[in-house]
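Novice: Quick one: the structure is below, and I'll ask about it shortly.
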Amino acid sequence: MIETENLTRKFGGLTAVENLTLRVEEGEVFGFLGPNAAGKTTTVRMLCCLISKTSGEARIGDYHVDREADCLAIRKMVGFLPENVGLYENLSAYRNLDFYGKLYEVPDEKRRENIERLLKLLGIWDRRNDNVGDFSKGTKQKIAIARALIHEPKVLFLDEPTANLDPEASKTVRDFVLELKKEKHTIFLNTHNLDEAEKLCDRIGILKTRLIAVGAPTELERSLYNRKTIVHLQAVTAQVTEAVKQFNAVKSVREVDNKLVLDMDHPERDNPELVRTIVAAGGDIQYVTELKSTLEDVYLKLIREAKTQ
Amino acid sequence: MRFAKSWIVATKDLSVFKKNRYILYSLIGLPLLMGILIPGILIFSLQAESAGLTQAQLTETANMLINLFTAYFVIIAAVLPTIIASYSFVGEKLEKSLEPLLATPTTDSELLFGKSLAAFIPCVGATYIGTAIFVVIVDVWSFTELGVLLMPNPYWAIIIGAVTPLACVLSVEANVIISSRVNDIRAAQQIGGLVILPLLLVMILASTSQIFPLVTLALIVSGALAVADLALFYLAKATFKREEILTKWK
């Protein structure tokens, strides 16, 4: 649905996005993670035909972002939630959505239906005639998401949808995105929030001008650090340690207090046999746990590496 | 360019203006004030000067003053857009509503035309209402005192029919360009106000000049304004581009 190849954007001497190559499938929720000024917003702006590319290729469906004629078609098929909600504060929620529905050429009857459906879904139908300026930040964000969906777009670009929101409002917005995910919308989500990305996205790309990593959250978590199995014992004996070292599936063993920290590629497959081996060596197992590297570990490591390059 | 798209943008802007008291009071107040104040001054001056004048001399003086004061309505038509257009463009910048607007399937020209239309319609409309009040008051006085209707006259018709809307367009276009460089509504209004200075000078020179007959002069000013409008239109169009707005508008 979204495809880029060596997409690059420069502002004078500054490269905002460099050789970005990625593919987002239809119905996928793709998260774009990166620090400030990593090029996330610039990428979304290029994909929404708001700014031009310096070089490379980018397509939404069959349309090319650099063709004037295709840009109107792209804008019609994508929904865009910018970082700042940008609603008209002196107009009602209904009037805001109606205005955008008209610009997106949604027929009158359909437009009325969509506004009602979205505002009811977001729980603000009863306040549809209130001025947007009277709403809380979270509610404004919800109205802005409704605005992005008013024309039933095939692709939705969300730029920092929960930035500056309190935890409750953030949760409401995240729950709404999860609903959209169930409805198989293709969503391109820019975020700083690692937890959000992990919960919502099928795949994540980490961007620091260049794309440094891409994959499913669990793949990324495993990509840098092996998963670790921790065996808590009554006491760690030399016999137990030796038996574990001889166990083929274990790549390394570390002893910490009365725990053994083991590096393994496939703990689900090998842990039952490992437990039997330790018991056979006279070990008294209290319990077995897993130590996962988090998306945060991966993100911070990759970003630090990118900074030093 | 699809006019329907521009009209959607214009009607939205007009809804926003309706809810802005500052804009509303300016639109009603300034033309109303001028519509009453100018004929008031005119009538007061004529009453004061009337002693010793024949009816023909009084009519001639009245016509001269009417032509002089008519120019003020051009100034109103140029001043009002500095209030409205600055809200229209800088206001969108301040509300950060330009980006979602630019993401819609509309062309740059449709957006620019729609926003310009939203500034133009109320300004010219309000000016015409002020002018209508002016005409009614002057005609009531002239018919009562002189037994003739002094207005409308050919000079007034050209000034109100051509020069006023052209001056309004000039001011709107200038404000688009100014809005791309400033972030503050008051700054936009103050800089926009400078646009009317050369216009004011031209109008005073035109109405007091003896070089050309007034009607000829009004036609020359109309032509000059039309050329200036066209030049500024291309400049405004070059300024109002998505990429420029998102990356360069400060």
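The values are calculated or read from the model by the stated rules, or taken from the named source; none is laboratory data. All figures in this text were calculated on a predicted structure; none of them were measured in a lab. Note: ideal-geometry Cβ built from the backbone for every residue, glycine included; neighbour counts use all protein chains shown.
Novice: Would a scan of region B:126-140 turn up a residue that is part of a helix (DSSP H, G or I), surrounded by 20 or more Cβ atoms within 10 Å (Cβ to Cβ) and either within 14 Å of another protein chain (Cβ to nearest Cβ) or touching a strand residue (DSSP E or B) at 6+ places or on another chain (Cβ under 8 Å) (or both)?
Specialist: For region B:126-140, residues part of a helix (DSSP H, G or I), surrounded by 20 or more Cβ atoms within 10 Å (Cβ to Cβ) and either within 14 Å of another protein chain (Cβ to nearest Cβ) or touching a strand residue (DSSP E or B) at 6+ places or on another chain (Cβ under 8 Å) (or both): absent.
Novice: Also, I was wondering about something else. Please specify each residue of region B:60-86 satisfying the condition of being surrounded by fewer than 24 Cβ atoms within 10 Å (Cβ to Cβ) and among the hydroxyl-bearing types (Ser, Thr, Tyr).
Specialist: B:61, B:72 - these are the residues of region B:60-86 that are surrounded by fewer than 24 Cβ atoms within 10 Å (Cβ to Cβ) and among the hydroxyl-bearing types (Ser, Thr, Tyr).
Novice: Separate question: If we keep just the residues of region A:74-120 that are of a type in the set (Lys, Arg) and under 21 Å from residue A:131 (Cβ atoms), which is surrounded by the fewest Cβ atoms within 10 Å (Cβ to Cβ)?
Specialist: A:120
Novice: Does residue A:66 satisfy the criteria of being closer than 14 Å to residue B:105 by Cα and surrounded by fewer than 23 Cβ atoms within 10 Å (Cβ to Cβ)?
Specialist: no
Novice: Return yes or no: is residue A:143 under 17 Å from residue A:103 (Cα atoms) and of a type in the set (Val, Ile, Thr)?
Specialist: yes
Novice: Conditions first: (1) modelled with pLDDT of 90 or more; (2) farther than 30 Å from residue A:157 by Cα. Residue B:106 passes all but one, so which condition is the exception?
Specialist: (2)
Novice: Only one residue in A:117, A:127, A:147 is closer than 29 Å to residue B:94 by Cβ and either away from chain B (no Cβ under 13 Å) or free of Cβ contacts under 8 Å to residues at least 24 places away in the same chain (or both). Which one?
Specialist: A:127
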